[in-house]
2 protein chains.
Amino acid sequence: MAATSKENHTKSIKTFKVIQSEVNSINRVALSVDCVIFGFDENKLKVLLIRSDLKKYQCNWSLLGDLVKPHEDLDSAAYHILKQRTGLNDVFMEQVHTFGEVNRHPAGRVVTVAYCSLINIQHHRIKILDNELHWHEVDSVTDLAFDHQKIFEACYCWLQKRVQEHPLGLNLLPSKFSLRELQNVYEAILNIKLDRRNFRKKFFAMDFLVDIGEEEQNVPHRPGKLYKFDYEKYEKKKKTWSGIDF
Amino acid sequence: MAATSKENHTKSIKTFKVIQSEVNSINRVALSVDCVIFGFDENKLKVLLIRSDLKKYQCNWSLLGDLVKPHEDLDSAAYHILKQRTGLNDVFMEQVHTFGEVNRHPAGRVVTVAYCSLINIQHHRIKILDNELHWHEVDSVTDLAFDHQKIFEACYCWLQKRVQEHPLGLNLLPSKFSLRELQNVYEAILNIKLDRRNFRKKFFAMDFLVDIGEEEQNVPHRPGKLYKFDYEKYEKKKKTWSGIDF
DNA sequence: CTAAATTGTGTAAAATTTACACATTACGAA
DNA sequence: TTCGTAATGTGTAAATTTTACACAATTTAG
């Protein structure tokens, strides 16, 4: 109560051994990563889910996740899941949020770190041999196992916001894409309609699209030009966001 | 390799007991929370640091943190630190990022969840009896213990961005404040100069400020009007952010 | 009473965003 | 081969938002 500064000071100092024993004691919890993997197909935003591996949640879908091993980096654990499930290596992935409510998991205390990933569905379609995996349209995702619905929704919100300030969306497309496809991606993610001319104007003005001199193939109408995204130029010029607006 | 769907399916099903044993096995790590507590004083953005409690880092400052107990929610753990160190209860706090590199902490595997908090320094100044705690100007924060420098920088970046889309800044001020003080907060956080008339115009246009009919006291010049922020109105009208811009 | 400091206010120019229409190209069917 | 269909590609005018900028009013201190 009436502790002096000196006493407080003393109280807050710990030897390395004390800390170490605290770290290695029962003060530990299971840690998992859960991946919300988005894809884009048939002009719909989709998310990759797996049938829950717990009997109790047998009829529910869940996110792809796994426990983090004691000698595994968090990011590595997330990448590992992605590699394991989709066969994909160099994919876009970002940590979104950590969910740590005491009773969030029925098997005991499990804190989970949610990651968001955006991949090109075409690239790995063949890898999904496992019929327990399925691409769901985001609008129809309900009743996920555990607290995965909440996690999914947080990640979807995150995506909707993030895609507006960072060119994430391109990860859902092949490296060559038409402006219409790009617009479809944005419309699907944000669930809005955009004006075609203004959309094109905006992207051309940003000056990150490179006309590669090719055109769409096998479309039943005038083919659109194909572009690629110049990430280097983007990195150099990217906006230092500034403006109060809420 | 040539596993059938059926086989994959089987492989991915686990009984509750198996899961439970995985959760309770050695697959566990220590988990901590670290709080980056911002304050605003003398027109400077400051952060609350403590002398490292580890001998090895004796001459370094570090963030306020603690291990999360097995039966403690993450958010609760973070609030607890804040309560313990500042005596403050209802403060603004948000989770920012989780840092989980294997070797980030010298005492063993400790994954840490970083939280950002914004408080009014005046409100609790008296609580800092502990002379191991100190408010540092953000610009002069260097060489924090462990990976705390990295965590601090991530949180500072987060703040600079977040403050532009959400009225966080107000948490640094008393409930009654002048527009000049508000502008000072924004200038300090963003480290830029703003045009006074445009700043006022912008905030008045947002229509969240309520003139409470009082004025500044004891200023050696014409006193400014005092306002409060109407959070309810904000919640109702807040912007659903929409616009591609990067 | 005067000087110093800071508040409070409006407008014109510039930049950005929005709304909107028509000619062009390729395919497929008759 | 021609025509209908479906989508691409393009510019401009109006509206809105953002920026730059100056002077009178109020209070305190001396």
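Taken together, the residues in region B:217-231 that are more than 11 Å from B:Lys176 (Cβ to Cβ) and aromatic (Phe, Trp, Tyr) amount to 1. Farther than 20 Å from B:Val47 by Cβ and either under 16 Å from the mean Cα position of the chain (by Cα) or within 15 Å of DNA strand D (Cβ to nearest atom) (or both): does that describe B:Lys201? Yes: the conditions hold for B:Lys201. Scanning region B:51-82 for residues that are in contact with a Phe, Trp or Tyr (Cβ under 7 Å, 6 or more places away or on another chain) and assigned to a strand (DSSP E or B) yields B:Arg51, B:Ser62.
Based on this model, can you work out whether A:Asn171 counts as more than 10 Å from DNA strand D (Cβ to nearest atom) and touching a residue at least 60 places away in the same chain (Cβ under 8 Å)? Against the criterion (more than 10 Å from DNA strand D (Cβ to nearest atom) and touching a residue at least 60 places away in the same chain (Cβ under 8 Å)), A:Asn171 qualifies.
Of all residues in region B:190-246, count the ones that are among the aromatic types (Phe, Trp, Tyr) and either modelled with pLDDT under 95 or within 30 Å of A:Asn191 (Cβ to Cβ) (or both). Summing the residues that are among the aromatic types (Phe, Trp, Tyr) and either modelled with pLDDT under 95 or within 30 Å of A:Asn191 (Cβ to Cβ) (or both) in region B:190-246 gives 5. For region A:186-203, a residue qualifies if it is assigned to a helix (DSSP H, G or I) and either within 16 Å of DNA strand C (Cβ to nearest atom) or closer than 19 Å to A:Tyr227 by Cα (or both), and the qualifying residues are A:Tyr186, A:Glu187, A:Leu190, A:Arg196, A:Arg197, A:Asn198, A:Phe199, A:Arg200, A:Lys201, A:Lys202, A:Phe203. Within region B:83-115, the set of residues being surrounded by fewer than 18 Cβ atoms within 10 Å (Cβ to Cβ) and in a helix (DSSP H, G or I) comprises B:Lys83, B:Gln84.
For region B:204-224, enumerate the residues that are exposed (fewer than 11 other Cβ atoms within 10 Å of the Cβ) and more than 9 Å from DNA strand D (Cβ to nearest atom).
B:Asp211, B:Gly213
Among the residues of region B:204-236, just one is within 30 Å of A:Met206 (Cα to Cα) and more than 12 Å from DNA strand C (Cβ to nearest atom), namely B:Met206. Residues that are more than 12 Å from DNA strand C (Cβ to nearest atom), over 21 Å from the mean Cα position of the chain (by Cα) and modelled with pLDDT of 95 or more do not occur anywhere in region B:177-185. Within region B:47-74, if we keep just the residues that are within 12 Å of chain A (Cβ to nearest Cβ) and within 16 Å of B:Trp135 (Cα to Cα), the residue that is surrounded by the most Cβ atoms within 10 Å (Cβ to Cβ) turns out to be B:Gly65.
Specify which of the listed residues (B:Gln164, B:Gln183) is within 16 Å of DNA strand D (Cβ to nearest atom), within 14 Å of chain A (Cβ to nearest Cβ) and not in a helix (DSSP H, G or I). Result of the check over B:Gln164, B:Gln183: B:Gln164. Can you confirm whether region B:211-218 contains a residue that is assigned to a helix (DSSP H, G or I) and more than 10 Å from every other protein chain (Cβ to nearest Cβ)? No - not one qualifying residue is present in region B:211-218. Considering the conditions (1) more than 15 Å from A:Ile244 (Cβ to Cβ); (2) free of Cβ contacts under 8 Å to residues at least 24 places away in the same chain, B:Arg196 is excluded by exactly one of them, (1). In region A:78-94, is there at least one residue being of a type in the set (Asp, Glu) and more than 9 Å from chain B (Cβ to nearest Cβ)? So far as region A:78-94 goes, yes, one or more of its residues are of a type in the set (Asp, Glu) and more than 9 Å from chain B (Cβ to nearest Cβ). Restricting the first member to region A:220-246 and to residues that are free of Cβ contacts under 8 Å to residues at least 40 places away in the same chain, and the second to residues that are among the basic types (Lys, Arg), the beta-carbon pairs closer than 7 Å and six or more apart or on different chains are A:Ile244/B:Lys202; A:Asp245/B:Lys239; A:Phe246/B:Lys238; A:Phe246/B:Lys239. Here is the figure for region B:147-173: residues that are at pLDDT below 95 and farther than 19 Å from B:Lys239 by Cα total 0. Restricting B:Leu172, B:Leu118, B:Leu190 to those that are within 11 Å of chain A (Cβ to nearest Cβ) and buried (at least 17 other Cβ atoms within 10 Å of the Cβ) reduces the list to B:Leu190.
The values are calculated or read from the model by the stated rules, or taken from the named source; none is laboratory data. These figures come from a predicted structure and were not determined experimentally. Reconstructed Cβ throughout: ideal geometry from the backbone, glycine too, with neighbour counts over all protein chains shown.
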